[in-house]
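**Student:** Please see the structure below; I have some questions.
Every number in this text was worked out from the coordinates using simple rules, so none of it is lab data. Predicted, not measured: the structure shown is a model, and the values here were computed from it. Positions of Cβ are generated from backbone atoms using ideal geometry, with glycine treated the same way; all protein chains shown enter the neighbour counts.
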Amino acid sequence: MKKSVITVLLALGLSVQAFADSKHADIIFMHDVHSFIDPCSKSKVIIDRQKKINPETIVVDAGDFSMGTLYQTVFEKDASELRTLGLIGVDATTIGNHEFDYGPEALAAMFNSALNSGDTLPQFVLCNVDWTKTDDYTKTLRAALVDRYGSKPYTMIKKGGLNVAVIGVFGKDAIFCSPGCQLTFTDQIESVKKCVEQIKAVESADLIVCLSHSGTNSELSKSEDELLAKAVPELDVIISGHTHTYLEKGIQTGNTVIASCKAYNAYLGTLSLDKNEQGRWTVSDYKLIDLSQNLEEDEAVNKRLEKFRREIDREYLVNFNYTSDQVIGIAQKDISLDKEVPYLMAWAMNKQLEKEGINVDVTIVPSGCIRGTYSKGNITVSKVFETYSLGAGEDGLAGFPLTVSYVTGKALKNACQIDSSLGPGSDTLKLYMHGLAYEYNPNRLIFDKVTQVYLLKDGKKIPVKDDKMYLMAIDYYSCMMLSNVSSMTKGLISLVTYKADGTPVTDFQDVVARKKDGTELKGWAAIADSINELNGNAGKVDGIIPDFSQSYDIQHIAVKSANPFKFFAHPSNIALLIYGVIIVLAAILILIVLLVIKLIKKIKDRK
């Protein structure tokens, strides 16, 4: 029996009394939906019931509403995500880094499709783009997003006696995670400050809310929204997207509350505030509603979603001879996200490359591209797409293609250095490899832990040579991101990719992996095809997915040694720099000590 939404609202603390007094505010929020719009049918019922209780309730989204499920495949033509946000009553939203994945023309087409639908749509807010630039990329998006859709740095939402200013901002890490985006972003803090100054000067705002696609971090120096709250204390609320953070209680920074409700539409955030005697707002309730509960669903939203699903099969999956609910494999057990799924993906990609006559030395799957796992039971086309769903190719079809390019053995070792030094503490920088393994000493310096790298071929370990070229497969997005490694490490670590003729890759389209028929080999489709073939193209139980449970230990071989020669042997550039600085500082210290001793001796001799 489905739970009453009123019961859920009561249980989660949303008040059920009428609010005529503008000193109370209710906010319902979401972010990083990533095309997981099926739960919106539940959200719609909750939002409608709450608006009947308090008509002044505002509903907002903090970006990355697209890229994550098959709904994104009708992003350009049907604007499925943005129109669904409008349908459930979202008042305002902002841009996320994954909205740029399809390129400027597709993003512009999405906004135009949304407008052409005639549906009610959220107001778009974004304050830190320099729209005065005259390059084609900026002009394309300005024409659609600003000139036609009407995006503003901030908007005023006026409901009854409550005037709410809503600002949108795009963060620094979000910029870093948008390698294909060519917009020029201004400093996020300074841009928000300017918005607040204007709001204070010309608007009668009771409440100032910032939709920030920046995020929080356990390290304060990297926690962009906490830094924003400290720098702009006039903000009352920051809805914090991008980092997929689950803030059970929110973060109170001065008079600003920072709210986050994880990602993938798993939760719907609720925030209630009361105005205090100082004229600021105090949080009276903060809860995250679990949308996996058996809650009532809105029929109109479900009908809209069903229409989108028919379009997905007809317009997109027909290109791959699949349907969205088609079972292509069976998992005999739950497959772990951090130790098995990535190796399954790398193996599957390698298998399809070989099928197309492309024999690579190593296939790499970065953890930041993996969006989910497989549970015991049926594996459908939809589930495979959800686990590796990013981007689109030059062919205009959803899903980044694989790329195949050459790298030096030194570059492969650098990749392993990054994995061994940064991977253990990161959800996005782990590298999972098919065909490669490395030995490392965890006690050595950062970016100097790896001591030996091997190719794995036919059960043998073949040492990788620094000056030899090796053929590497990696998805298009990650190939672009490799170019950022040098700037990240101030040139101390480089991961340059090369074409077959030995020239560096500057246009990543030149190294896109193609099937024998000339079409792009999509990363997600390679995974689906391998699983489907393994299971006899019909999901047969006898086609058991290989066991990848030992793959992590095979790739990462910890070798601890007390031998000082081994500890310092074959240092990396970063280690040489650090050792050099230590030696110079030690020499200076010794010189100072000798000078002091000499001075003391002179003083004694005089006596």
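**Student:** For Trp131, what charge total do you get from the other residues with a beta carbon under 15 Å from its beta carbon, if Lys and Arg give +1 and Asp and Glu give -1?
**Tutor:** +2
**Student:** Figure the gain on full extension for Asp119 and Gln252 (residue separation times 0.36 nm, minus the Cα-Cα span) and round it to one decimal in nm.
**Tutor:** Difference between extended and current length: 44.2 nm.
**Student:** Something else now. Taking Cα pairs under 8 Å and at least six residues apart, what relative contact order does the chain come out at, in percent?
**Tutor:** Relative CO of the chain lands at 13 percent.
**Student:** Once each part is reduced to its C-alpha centroid, what is the distance from the range 360-377 to the range 80-135 in angstrom?
**Tutor:** 29
**Student:** How charged is the neighbourhood of Asn116? Take every other residue with its Cβ under 13 Å from the Cβ of Asn116, and add Lys/Arg as +1 and Asp/Glu as -1.
**Tutor:** 0
**Student:** For Lys307, give me every one of the lysines with a C-alpha distance below 21 angstrom, ignoring sequence neighbours fewer than eight places off in its own chain.
**Tutor:** Excluding near neighbours in sequence, the set is Lys42, Lys44, Lys77, Lys383.
**Student:** Checking understanding here: applying a Kyte-Doolittle mean of at least 1.6 and a length along the axis of at least 20 Å (C-alpha), which whole DSSP H helices in the chain pass?
**Tutor:** 573-606
**Student:** With each run of n ≥ 4 DSSP H residues scored as -39500 (n - 2.57), what mean residue ellipticity at 222 nm is computed for the chain after dividing by its residue count and rounding to the nearest 500 deg cm²/dmol?
**Tutor:** -9500 deg cm²/dmol
**Student:** Grab the beta carbon distance between Gln278 and Lys77, set R0 = 41 Å, and tell me the FRET efficiency rounded to 0.05.
**Tutor:** 0.20
**Student:** Same structure again: Given Cβ point charges of +1 (Lys, Arg) and -1 (Asp, Glu) and nothing else, what value in debye, to the nearest 20, does the dipole of the chain about its Cα centre take?
**Tutor:** For the chain, the charge dipole is close to 2300 debye.
**Student:** Please work out the FRET efficiency for the pair Leu591 and Gln452, using the Cβ-Cβ distance as r and a Förster radius of 35 Å; give the result to the nearest 0.05.
**Tutor:** It comes out at approximately 0.35.
**Student:** Ok, one more. Determine, from the Cβ-Cβ distance of Lys355 and Thr506 and an R0 of 45 Å, the FRET efficiency 1/(1 + (r/R0)^6), rounded to the nearest 0.05.
**Tutor:** Once the sixth-power term is evaluated, E becomes 0.95.
**Student:** Let me have the relative contact order for the range 76-122, percent, based on Cα pairs under 8 Å that are six or more residues apart.
**Tutor:** Relative CO of the range 76-122 lands at 66 percent.
**Student:** While we're looking at this one, here's another question. Specify which labelled value, from (1) 24.6, 81; (2) 27.1, 100; (3) 25.8, 78, agrees with Rg and Dmax of the Cα atoms in Å derived from the coordinates of the model shown.
**Tutor:** Computed from these coordinates, Rg and Dmax of the Cα atoms in Å corresponds to label (2).
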